[in-house]
Amino acid sequence: TDFSFQQGGWGASLADMLVRKCDVLNRGFSGYNTRWAKIILPRLVRKGSGLDSPVAVTIFFGANDSALKDENPKQHVPLEEFVVNLRSMVQYLRSVDVPEGRLILITPPPLCEAAWAQECLQQGCKLNRLNSVVGEYARACLQVAQDCGAEALDLWTLMQE
C-alpha cells in the first residue's frame, strides 16, 4: 500500500483517472493483516454526512495473513480467522452505509516464490510465504464476497493468466 500512490502505482493511476470526479484516499497500512485492520477500521471509515461518505471501499488483504505461521507468526492469521475478520469488516462497512455493490473485496496477489525467496535470503530469514497458501486465502476471500453479496476482484487468478 505504501507504493500504490507512488508514480505508476495503482492508487495513483486510479486517482488520475477519477480526478475532478471524486477523491481517492488510501487507508492502507503496509504490513497489516486482517486481525489488526478490523480493529482500526472504525477509526478510518465512519458514517458520513453525505459529502464525506465513501462512494466505494475496497478491502485488500490476505498477503500478510497467509504468511507461514512457523516462519512469520507476527503477520500470520489462520485461514478461519481471516474469513471471520473479512466478514466482520464487510458487516461494519455495511453498517456505515457503504452502498450495495460499492464494496469490493480484492484477493491477495500471487506470490513469485523465486523472487520472494531471494528477498528472504537477503534479510537472513527462511522462505515465509508460498503461492499455494496465498491461493487458499484468495479463494476464501472470493467465498466471503459471494456469501456477503459483495463484489470481488480475483487478482490472484488474473495475474497468473
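The values are calculated or read from the model by the stated rules, or taken from the named source; none is laboratory data. None of these values were measured; they are calculated from a predicted model. No Cβ is skipped: glycine too gets one built from the backbone with ideal geometry, and neighbour counts run over all protein chains shown. When the accessible area is computed, the model is the full protein with side chains, heavy atoms only, and any ligands, DNA or RNA have been set aside. Shrake-Rupley method; radii C 1.70, N 1.55, O 1.52, S 1.80 Å.
Below, the figures for the structure above:
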{"read-out": "Within segment 2-48, tally of residues that are at pLDDT below 85 and of a type outside the set (D, E, K, R)", "value": "23"}
{"read-out": "Residue in segment 49-58 that is surrounded by 13 or more Cβ atoms within 10 Å (Cβ to Cβ) and at pLDDT below 75 present", "value": "yes"}
{"read-out": "Selection within segment 61-76 - of a type outside the set (S, T, N, Q) and either open to solvent by less than 70 Å² (accessible area, probe 1.4 Å) or modelled with pLDDT under 90 (or both)", "value": "Phe61, Gly62, Ala63, Asp65, Ala67, Leu68, His76"}
{"read-out": "Within segment 114-161, tally of residues that are more than 23 Å from Arg102 (Cβ to Cβ) and of a type in the set (Gly, Ala, Ser)", "value": "6"}
{"read-out": "Test set (1) of a type in the set (A, V, I, L, M); (2) in contact with a strand residue (DSSP E or B) (Cβ under 9 Å, 6 or more places away or on another chain); (3) open to solvent by 70 Å² or more (accessible area, probe 1.4 Å) - Ile39 fails condition number", "value": "(2)"}
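Residue-by-condition table, conditions (1) farther than 18 Å from Gly28 by Cβ; (2) of a type in the set (A, V, I, L, M); (3) out of contact with any helix residue (DSSP H, G or I) (no Cβ under 9 Å at 6 or more places or on another chain):
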site	(1), (2), (3)
Ser66	no, no, no
Val83	yes, yes, no
Leu86	no, yes, no
Tyr92	no, no, no
Ile104	no, yes, no
Pro108	no, no, no
Ala117	yes, yes, yes
